[in-house]
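Trainee: The structure follows.
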Amino acid sequence: MKKVLLIIQREYLTRVRKRAFLVMTIAVPLLIAGMFKLIAYVAHDSEQVSKPQTVKVIDQSHLFEGKLKNAKNIQFIATNESLEKAKASLKENEDLSVLLISKDYVHKPVQFFSKKKPSMVLTGGVENQMNEIASNNTMLANHIDTALLNKAKKNKVSVNALEVTDAGEKDADVGASIGIGIACAILIYMSLFIYGAQVMRGVIEEKTSRIIEVIISSVKPFQLMIGKIIGVGLVGLTQFCAWIVLSAVVTKVIGANTSGGIMGALQTLQNLPFGYILFCFLFYFITGYLLYSALFAAVGSAVDSETETQQFMFPITMPLLFTYLLSVTVLFRAPDSPLAVWLSMIPFTAPVAMMIRVPFGGVPDWQLYLSMAMMVLGFLFTTYVASRIYRVGVLMYGKKASFKELAKWFFYKE
């Protein structure tokens, strides 16, 4: 045990003392704060920086004449020019476009000509206006009172989602739950790769420099692997704790100068059970890191250079990548679906899948406890498998390993 603690101390201090650790610890919260400020600035000035667009309208149907409304950065000009003459004027002006509305605009698509590719905001705005005008024309042709219909459209229904708890009713904050869930899934996904790769690189460096031969003479391979994994894991925990504290401080400092929309979003996030979410995040980060870093360490011991790791990395990381892609596209829409439940139970996919579900607050206790128990058992199993490969691989040089070779190493006797 004493030898393992010495290895943990060595791995932890070696990485914490590096300048890159200090730079990343301080830079990440500042970058997040800068990102919020940039979003607020861009959202405020986006309309001011866009160039005004002039759209020449050739209306062969004569049903849209005088009905297209000018916007802040779009001006419509009716013209009787031929299409060829109007298109020729595009060569002289990049901010000019031509809109051709045919007589049979329903069956023949309306054409929009411009010298460069138009933005979706521009074409979408024109399309929305034309759809509304065409709809009104159809209603007038059928003697439908458009004024009454437009008045009825203004009566919009707004649904306010409320969560009923033992303490009473509270805002469900669905948007905030989605945001936190996806953010946690991304952080878990990235951190498992970053810190797991650090373990793998450390093993490869010590193996190629032959330092590991000296270390193995004093400690058992299993003790060395566990010490390295825990040491790098503590570095990750230290960095996460520093990010949480610094992010809270930076958010308070810039809060007074941040736009109301951004601060409103931050206030909404504060209504979530952060203690519960933080506990789950730390648990799944630690257990997920321990599970995957053991496999990363086994891969590092089996190769002589980082370029040889590719054949082993994809099968190991595929479950994590698969769950991450599902989480940011499908799972957040249905966090209690059978797919989400099963993925949150399997140790290789649970760290990402469960962190999508937790912010919604609807995870039954038995599912959470079962998932946590499976994570612990998964870590113990992968550590056992990895340690048997590691003990042989760290002293194996000049031989290109394969999955068949790793299986042989697993069954070698002590």
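The values are calculated or read from the model by the stated rules, or taken from the named source; none is laboratory data. Here the structure is a predicted model, which means the values were calculated and not measured. Methodologically, a virtual Cβ is constructed for each residue, glycine included, from the backbone with ideal geometry; neighbour enumeration extends over all protein chains shown. These area figures cover heavy atoms from the full protein model, side chains too; ligands, DNA and RNA do not enter into them. Shrake-Rupley method; radii C 1.70, N 1.55, O 1.52, S 1.80 Å.
Trainee: Hey, can you tell me all the residues within the stretch 87-131 that are in contact (Cβ under 8 Å) with a residue 60 or more places away in the chain and among the aromatic types (F, W, Y)?
Mentor: none
Trainee: Counting just the residues of the stretch 300-325 that are open to solvent by 70 Å² or more (accessible area, probe 1.4 Å) and modelled with pLDDT of 80 or more, which one comes out farthest from E206 (Cα to Cα)?
Mentor: The residue in question is L325.
Trainee: Next question, about the same structure. Considering only the stretch 172-186, I want to know if a residue exists there that is at pLDDT below 85 and either open to solvent by 50 Å² or more (accessible area, probe 1.4 Å) or closer than 30 Å to K67 by Cα (or both).
Mentor: Among the residues of the stretch 172-186, at least one is at pLDDT below 85 and either open to solvent by 50 Å² or more (accessible area, probe 1.4 Å) or closer than 30 Å to K67 by Cα (or both), which makes the answer yes.
Trainee: Condition test on V28, is it surrounded by 15 or more Cβ atoms within 10 Å (Cβ to Cβ) and modelled with pLDDT of 75 or more?
Mentor: No.
Trainee: Mind listing whichever residues of the stretch 222-272 are modelled with pLDDT under 75, open to solvent by less than 60 Å² (accessible area, probe 1.4 Å) and either assigned to a loop (DSSP other than H, G, I, E, B) or touching a Ser or Thr at 6+ places or on another chain (Cβ under 7 Å) (or both)?
Mentor: Once the filter is applied, which keeps residues that are modelled with pLDDT under 75, open to solvent by less than 60 Å² (accessible area, probe 1.4 Å) and either assigned to a loop (DSSP other than H, G, I, E, B) or touching a Ser or Thr at 6+ places or on another chain (Cβ under 7 Å) (or both), the stretch 222-272 yields T258, S259, L266, L272.
Trainee: Being within 16 Å of T349 (Cβ to Cβ), modelled with pLDDT of 60 or more and either open to solvent by less than 50 Å² (accessible area, probe 1.4 Å) or assigned to a helix (DSSP H, G or I) (or both) narrows it down to one of F283, F279, so name that one. First the steps, then the outcome.
Mentor: Details: F279 fails: within 16 Å of T349 (Cβ to Cβ).
Answer to the selection: F283.
Trainee: When you go through F381, F410 one by one, which is the residue that is surrounded by fewer than 19 Cβ atoms within 10 Å (Cβ to Cβ), in contact with a Lys or Arg (Cβ under 7 Å, 6 or more places away or on another chain), in a helix (DSSP H, G or I) and at pLDDT 75 or above?
Mentor: When all the criteria are applied, what remains is F410.
Trainee: Okay, moving on. Which of the residues that make up the stretch 109-130 are under 31 Å from the mean Cα position of the chain (by Cα) and farther than 18 Å from G66 by Cα?
Mentor: K117, P118, S119, M120, V121, L122, T123, G124
Trainee: Scan the stretch 326-336 and tell me whether some residue there is in contact with a Ser or Thr (Cβ under 9 Å, 6 or more places away or on another chain), surrounded by fewer than 20 Cβ atoms within 10 Å (Cβ to Cβ) and β-branched (V, I, T).
Mentor: yes
Trainee: Out of the residues in the stretch 81-114 that are touching a helix residue (DSSP H, G or I) at 6+ places or on another chain (Cβ under 9 Å) and modelled with pLDDT under 80, which is most open to solvent (accessible area, probe 1.4 Å)? Step through it out loud before you land on a result.
Mentor: To start, the set of residues in the stretch 81-114 that are touching a helix residue (DSSP H, G or I) at 6+ places or on another chain (Cβ under 9 Å) comprises 81, 96-101, 105-106, 110-114.
Subset that is modelled with pLDDT under 80: 105-106.
Details: Y105: 45, V106: 109 Å².
Top of the filtered list is V106.
Trainee: Residue check, G66 against (1) assigned to a loop (DSSP other than H, G, I, E, B); (2) surrounded by 16 or more Cβ atoms within 10 Å (Cβ to Cβ), all met but one. Which one?
Mentor: Looking at each condition in turn, G66 falls short on (2).
Trainee: Select from the stretch 57-72 the residues that are under 15 Å from E132 (Cα atoms) and of a type outside the set (A, V, I, L, M) and list them in ascending order.
Mentor: Once the filter is applied, which keeps residues that are under 15 Å from E132 (Cα atoms) and of a type outside the set (A, V, I, L, M), the stretch 57-72 yields F64, E65, G66, K67, K69, N70.
Trainee: Right, here's the next one. Is it the case that Q9 is polar (S, T, N, Q), within 30 Å of V199 (Cα to Cα), open to solvent by 70 Å² or more (accessible area, probe 1.4 Å) and at pLDDT below 85? Lay out the reasoning, then the answer.
Mentor: On the way: polar (S, T, N, Q): yes; within 30 Å of V199 (Cα to Cα): yes; open to solvent by 70 Å² or more (accessible area, probe 1.4 Å): yes; at pLDDT below 85: yes.
Criteria met by Q9.
Trainee: Given (1) assigned to a helix (DSSP H, G or I); (2) more than 18 Å from T287 (Cα to Cα), identify the lone condition not met by R357.
Mentor: (2)
Trainee: Right, another one. Of all residues in the stretch 392-407, count the ones that are part of a helix (DSSP H, G or I) and open to solvent by less than 40 Å² (accessible area, probe 1.4 Å). Steps first, please.
Mentor: Taking the stretch 392-407 and keeping what is part of a helix (DSSP H, G or I), we get 392-393, 403-407.
Applying the additional criterion that residues be open to solvent by less than 40 Å² (accessible area, probe 1.4 Å) yields 392-393, 405-406.
The number of residues fulfilling the criteria is 4.
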